[in-house]
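Undergrad: One structure follows; several queries about it will come next.
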2 protein chains.
Amino acid sequence: MTASPETPATASPDAGYAPTEHTTPTRYRDRTFYDRALVHSILDEAYVCHLGFVRDGRPVVLPTLYARVGERLYLHGSTGARAQRMAGEKDPGLPVCVTVTHIDGLVLARSSFHHSVNYRSVVIHGTAVQLDDPDEKQAALDSFVDHVVPGRAADSRRANAKELAATSVLALDLEEVSARVRAGGPDDDPEDLHLPHWTGLIPLTKGYGAPVPADTLAPGIEIPDYLRDL
Amino acid sequence: MTASPETPATASPDAGYAPTEHTTPTRYRDRTFYDRALVHSILDEAYVCHLGFVRDGRPVVLPTLYARVGERLYLHGSTGARAQRMAGEKDPGLPVCVTVTHIDGLVLARSSFHHSVNYRSVVIHGTAVQLDDPDEKQAALDSFVDHVVPGRAADSRRANAKELAATSVLALDLEEVSARVRAGGPDDDPEDLHLPHWTGLIPLTKGYGAPVPADTLAPGIEIPDYLRDL
């Protein structure tokens, strides 16, 4: 499963994050981008990231709710969660790697070797710190809700003091960041082009099912426009 | 964003993986399962896992192609990839955490605090070792292709000696494994039930788009049944 020459039209290598040792790949440099708009679009489209940290010398990777606000990522947790506790105990914070991935299609080549998937991913390296400022924390909680459904934070009850205290938010600045993208169809070797196998791309699609009202929803409360328009 | 009392009908806490320190959560124990059939179904449905390892003391998380064969996971890479190189250099192998996550729905509560997503995830802790046995490696490469589309390995050209040499496969046994599942609708606090916000679940759907034949596909090669039936 190998590289493809295609690069996406949305990706521009200019004016983006500065590459570092952590964000310079050993392979597939033609698939690696540092463009901020591309990184933001990949981050904003996913519902969870994969948060990696080191505990007792071993790696831990956990799916985690998050939201991006400008060049800062907020990571959601409870005050009892391990990563959140560790970030609070460590000075200046917890070294993390946060990865977000979309799978866009199945790439079926004639050769087993050139099979692949199309994907868009972002990898962020940095140090996550616990949010102490109550205003930024409240705003971060709003951003989690609006990240799931834009417009929803204004149409729900805001966190109260007890809920704020029970929630831990980690902040991670977008500094060491790279995106990787594979797009396009299969890329068979010339000597395989005569083989009789069907070859091409199977796009993967995502969508929303019909909303399921909660059992406790009172009659007469209609579904709001921001949900109808999803 | 908090726990829900619902547990899925497919999950049985019996006869599964033995919990260890790494796979016993500090929170949400009612969402944690060790059932093999549930773990297998979550692993088999995803296209990539998130592979975590430690490099120079810092976490790295990379989206990685994989396949499950029985109680063993194969992780795909090239011989130049960092994780693969590190696994080959280390004895007995590379400590890893492999995580697979599906997001099934958006949970919209009346309170910001009880917003959540429905998900199914698997976390595997273990030591990944490089596959040396050529027969197992060839079989693992077939399993990657069949993991993407069942039946495809038999309808493509198998890897040749050069391609086998350029591919590195890590093996990870399923021993320290747990699944986490959140299902069902929102779970608002009793004192919020009178609030006027719409509340419920937005299911997320996944599907396949129409196959896109490669430009180089010869006329007369029809799409095979295993793709038509996706």
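The values are calculated or read from the model by the stated rules, or taken from the named source; none is laboratory data. Nothing here was measured: the structure is a model prediction, and the numbers come from that model. Positions of Cβ are generated from backbone atoms using ideal geometry, with glycine treated the same way; all protein chains shown enter the neighbour counts.
Undergrad: Specify which of the listed residues (A:Y17, A:Y34, A:Y66, A:Y47) is modelled with pLDDT of 95 or more, farther than 30 Å from B:V181 by Cβ and touching a helix residue (DSSP H, G or I) at 6+ places or on another chain (Cβ under 8 Å). Give the steps one after another, and end with the answer.
TA: On the way: A:Y34 fails: touching a helix residue (DSSP H, G or I) at 6+ places or on another chain (Cβ under 8 Å); A:Y66 fails: farther than 30 Å from B:V181 by Cβ; A:Y47 fails: farther than 30 Å from B:V181 by Cβ.
None of the others qualify; the one that does is A:Y17.
Undergrad: Taking the stated definitions as given, is A:F53 at the interface with another protein chain (Cβ under 7 Å from one of its Cβ atoms), buried (at least 23 other Cβ atoms within 10 Å of the Cβ) and not in a strand (DSSP E or B)?
TA: The answer is no for A:F53.
Undergrad: Could you check how many residues of segment A:76-90 are touching a helix residue (DSSP H, G or I) at 6+ places or on another chain (Cβ under 8 Å) and closer than 20 Å to A:E175 by Cβ?
TA: Initial filter on segment A:76-90 (touching a helix residue (DSSP H, G or I) at 6+ places or on another chain (Cβ under 8 Å)): A:76-79.
Filter once more, keeping what is closer than 20 Å to A:E175 by Cβ: none.
So the count comes out to 0.
Undergrad: Considering only residues that are within 19 Å of A:L75 (Cβ to Cβ) and either more than 12 Å from chain B (Cβ to nearest Cβ) or not in a loop (DSSP other than H, G, I, E, B) (or both), which ones fall in segment A:19-45?
TA: A:V39, A:H40, A:I42, A:L43, A:D44, A:E45
Undergrad: On to the next question. If B:D187 satisfies all but one of (1) within 7 Å of another protein chain (Cβ to nearest Cβ); (2) in contact (Cβ under 8 Å) with a residue 12 or more places away in the chain; (3) crowded, with 16+ Cβ neighbours inside 10 Å, what's the number of the condition it fails?
TA: Evaluating B:D187 over (1) within 7 Å of another protein chain (Cβ to nearest Cβ); (2) in contact (Cβ under 8 Å) with a residue 12 or more places away in the chain; (3) crowded, with 16+ Cβ neighbours inside 10 Å leaves (1) as the failure.
Undergrad: Identify the residue in segment A:145-162 that is in a helix (DSSP H, G or I), facing chain B (nearest Cβ under 7 Å) and touching a residue at least 40 places away in the same chain (Cβ under 8 Å) and, among all such residues, is farthest from A:M86 (Cα to Cα).
TA: Looking only at segment A:145-162, we keep the residues that are in a helix (DSSP H, G or I), and these are A:145-148, A:153-155, A:161-162.
Still in the running and facing chain B (nearest Cβ under 7 Å): A:145, A:148, A:153, A:155.
The next check asks that each one be touching a residue at least 40 places away in the same chain (Cβ under 8 Å); those that pass are A:148, A:155.
Numbers: A:V148: 26, A:D155: 33 Å.
Per the stated criteria, the residue is A:D155.
Undergrad: Looking at segment B:164-175, which of its residues are buried (at least 18 other Cβ atoms within 10 Å of the Cβ) and within 11 Å of chain A (Cβ to nearest Cβ)? First the steps, then the outcome.
TA: Kept after step one, since they are buried (at least 18 other Cβ atoms within 10 Å of the Cβ), are these residues of segment B:164-175: B:167-172, B:174.
Within segment B:164-175, just B:T167 meets the criteria.
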